[in-house]
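What follows is a set of notes on a single structure, which appears directly below.
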Amino acid sequence: MWEKGYTADQSELGNVYYPAEGVSRAETVSVNYVEYPWITCFEVEGLDIIKSD
């Protein structure tokens, strides 16, 4: 994944890969397993997309 321009952080559920550029990273990145009545999914916290004007 590194050769494709991604970096990674560890979470309790495994590695979180994200682009090395265009993303703002908080001190910690986490992956959460969430069950809603309409869907079961993983949500990532601690990453935000940098929007260019």
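The values are calculated or read from the model by the stated rules, or taken from the named source; none is laboratory data. None of these values were measured; they are calculated from a predicted model. Cβ sites come from the backbone with ideal geometry, for glycine too, and all protein chains shown count toward neighbours. For the accessible areas, the whole protein counts, side chains as well, though only heavy atoms, and no ligand, DNA or RNA atoms are used. Shrake-Rupley method; radii C 1.70, N 1.55, O 1.52, S 1.80 Å.
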(request) Within the chain, report the GluC sites (Glu not before Pro) that DSSP leaves as loop and that have at most 10 other Cβ atoms within 10 Å. (result) Glu12, Glu21
(request) Once you have the Cα-Cα distance between Arg25 and Leu13, take 0.36 nm times their residue separation minus that, and quote the gain in nm to one decimal. (result) 2.5 nm
(request) Quick one: give the max-minus-min coordinate of the C-alpha atoms of the chain along each principal axis, largest first, in Å. (result) 35, 29, 21
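For the chain, what % of the accessible area comes from carbon and sulfur atoms, probe 1.4 Å?
Its accessible area is 50 percent carbon and sulfur atoms.
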(message) On a full-extension model of 0.36 nm per residue, what is the gain between Tyr33 and Met1, subtracting their alpha-carbon distance, rounded to one decimal in nm?
(response) 9.2 nm
(request) Kindly report the accessible area of the chain per residue (heavy atoms of protein chains, probe 1.4 Å, no ligands, DNA or RNA), in Å². (result) 86
(message) Tell me the net charge near Asp9. Cut-off is 11 Å between Cβ atoms, Asp9 excluded, with +1 for each Lys or Arg and -1 for each Asp or Glu.
(response) 0
(request) Return a whole-number percent for the relative contact order of the chain, with Cα pairs under 8 Å and 6 or more residues apart as the contact set. (result) 29
